[in-house]
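Below you'll find the structure, written out as structure tokens, and then a few comments.
The values are calculated or read from the model by the stated rules, or taken from the named source; none is laboratory data. Owing to the predicted nature of the structure, the values given are computational and were not obtained by experimental measurement. Cβ sites come from the backbone with ideal geometry, for glycine too, and all protein chains shown count toward neighbours. When the accessible area is computed, the model is the full protein with side chains, heavy atoms only, and any ligands, DNA or RNA have been set aside. Shrake-Rupley method; radii C 1.70, N 1.55, O 1.52, S 1.80 Å.
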Amino acid sequence: MIKRPEIESLKGHTVQVKYRTSGNMSGKKIPRTMTGTIKSIGIRNVHVERESGREYRIPIQAVSAISEVVA
């Protein structure tokens with residue numbers, strides 16, 4: 001799990017977030033990657049906006065790595 005101050009320092013930057021989903025029907029957690037801009041950080045979620053304009057909420061506990069994307 002990534003610490004909250006590390007995520008807050010990247011607010012407004014384009015990042016690549018690696019996280020694990022809650023699981024599928026067999027209970028296995030699936031690793032995922034999302035690229036987007038961090039809009040805000042709530043109590044439990046990181047709000048990431050993709051290029052399409054859609055905003056996603058990722059639980060902070062599920063985040064395993066964050067890296068800044070340099071274009």
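The table below lists the values:
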| read-out | value |
| --- | --- |
| Value of relative contact order over the chain, rounded to a whole percent, pairs C-alpha under 8 Å and six or more apart | 38 percent |
| Rg over Rh, two decimals, segment 1-52 (C-alpha only, Kirkwood Rh) | 1.01 |
| Cα-projected label distance for residue 28 with residue 4, points at 7 Å along beta-carbon direction, nm | 3.4 nm |
| Only Lys, Arg (+1) and Asp, Glu (-1) charged, at Cβ; the chain dipole about Cα centre in debye | 360 debye |
| Amide H partners (placed H, <5 Å) of residue 2, local residues excluded | 63 |
| Nonlocal Lys pairs with alpha-carbon distance under 18 Å, the chain (8 or more apart, or different chains) | 7 |
| Carbon plus sulfur fraction of accessible area for the chain, probe 1.4 Å, in percent | 47 percent |
| Helix-only CD estimate at 222 nm, as mean residue ellipticity for the chain, using -39500 (n - 2.57) per DSSP H run (n ≥ 4) | -1500 deg cm²/dmol |
| Selected from 21, 37, 63, residue furthest toward positive end of dipole (the chain; charges at beta carbon) | 21 |
| Hz values of 3J(HN,Hα) by residue in segment 50-62 - Karplus curve (6.51, -1.76, 1.60), Gly and Pro given as x | 8, 4, 6, x, 7, 9, 10, 10, 10, x, 4, 5, 7 |
| J(HN,Hα) series, segment 64-70, from Karplus relation 6.51 cos²θ - 1.76 cosθ + 1.60, nearest Hz, glycine and proline x | 9, 7, 9, 9, 6, 9, 9 |
